[in-house]
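Student: I have a structure I would like to understand better, so I am pasting it below and will then ask my questions one at a time.
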Amino acid sequence: MFDPIKAMEMIAMFDPIKAMEMIAMFDPIKAMEMIAMFDPIEKPQHYNQPGAVEPIDFIVSNRLDFLEGNVVKYIARYKHKNGLQDLLKAQEYLRRLVEREQRKALAVGGAD
């Protein structure tokens, strides 16, 4: 038997806004739950995995800087958003972080 809500949940993986509009026609309460679950600003779908810690919360609570935070962000989302592209971005931020730390180590070692 066709389940319109289940069908719209599947569509939501590709176009959450359109799916929520369609679900609202059948079940307005379910639509509101989905809006809360897939808000593109507050809860992006690629970070909304069961039991997952949102990267921004981890980054802020650990006081990570820009380079460190981006490594965490891209590693956390690669399976659910841009795949290899996100891994390559994480690699680039990690490369820059390593270079920065090497410069620091040389500066400290050179001062002795």
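Student: Per residue of the stretch 79-87, what does 6.51 cos²θ - 1.76 cosθ + 1.60 with θ = phi - 60° give for ³J(HN,Hα)? Whole Hz please, x for Gly and Pro, Karplus curve as stated.
Tutor: Calculated HN-Hα couplings, in order: 6, 10, 10, 10, x, 4, 4, 5, 5 Hz.
Student: At L84 and N62, where each label point lies 7 Å from the Cα along Cα→Cβ, what is the point-to-point distance in nanometres?
Tutor: According to this spin-label approximation, the distance is 2.7 nm.
Student: Quick one: net charge of G69's neighbours, Cβ under 13 Å, K/R +1, D/E -1?
Tutor: Charge balance near G69 sits at +1.
Student: Follow-up. Using r as the Cβ-Cβ distance of V53 and R103, and R0 as 35 Å, what FRET efficiency do you calculate, to the nearest 0.05?
Tutor: Once the sixth-power term is evaluated, E becomes 0.70.
Computed from the coordinates by the stated procedures, all read-outs in this text should not be read as laboratory data. Just so it is clear, the model here is predicted, and its values are computed rather than measured. All Cβ positions, even for glycine, are placed from backbone atoms using ideal geometry, and neighbour counts span all protein chains on display.
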